[in-house]
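Contents: one structure, followed by commentary.
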Amino acid sequence: MNAIVVGALGSIDDAVLAAIAGGLERAFHLPVRSMPPLQEPSFAYDAQRGQYSSVLVLRHLLEHVPESTIRLLGVTDRDLFIPMLSFVLGQAQLNGPGAVISLARLRQEFYGFPPDADVLRLRAVKEAVHEIGHTFGLTHCSDSTCPMSLSNTVRHVDAKGPELCSSCTSLFEERKPPLPTMNNRPRAAG
Ligand SMILES: [Zn+2]
Ligand SMILES: [Zn+2]
């Protein structure tokens, strides 16, 4: 069955992956399944920055698209960057086919607090919906409670909810059909 596919890069807690899958299903009303984990993205490590190149991780991900994939979301625990920014919580290709999110800065322990699995799962869901929303052509939303609103910090992430606002929902519904799988379309460059 055609589905949004969620894939870990390296070892990611099953409970987090399950929460992400559930959140994507609720937001987009599409089937979601997982794929076997890919390797840790050590190939994307930038020693000077001590972070991982989001562009390289996304490129790697798109070389491993399973059959019947509508959209592919990679999940990593590594801290991601793009050259212009000190970090990114995630990156997506506007209008697909793929996106990646980083859990590194969604963890309470990153800020010196005790770990909180519930907080991590909720933040991960919102960021997953945000990035997959971009792959469906949704841009940033002015409603600060909508997961499509821009979040540069976890404070922003915490302020928004996991479900698309009515305006993003109708934009998505307009674009939804026929949703060809990624396998039948030309590979995106870069
Ligand atoms: Zn965004
Ligand atoms: Zn919205």
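In table form, for the structure just shown:
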read-out: Ratio Rg/Rh, restricted to segment 3-178 and using Cα atoms, in which Rh is the Kirkwood radius; value: 0.93
read-out: Distant-in-sequence amide H partners of GLY74 (H built 1.01 Å from N, under 5 Å); value: GLY7, ALA99, VAL100, ILE101
read-out: Helix-only mean residue ellipticity at 222 nm for the chain, each DSSP H run of n ≥ 4 adding -39500 (n - 2.57), per residue, nearest 500; value: -9500 deg cm²/dmol
read-out: Residue-by-residue Karplus 3J(HN,Hα) for segment 53-60, coefficients 6.51, -1.76, 1.60, Hz, glycine and proline x; value: 6, 4, 5, 5, 5, 5, 4, 4
read-out: Peptides 152-161, 21-30 ordered by average Cβ neighbours within 10 Å, highest first; value: 21-30, 152-161
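Rule-based calculations on the coordinates, nothing more; no lab input. Everything numeric in this text was worked out from a predicted model, so none of it was measured. When we count neighbours, we look across all protein chains shown, and the Cβ atoms used for this are built from the backbone with ideal geometry, even at glycine.
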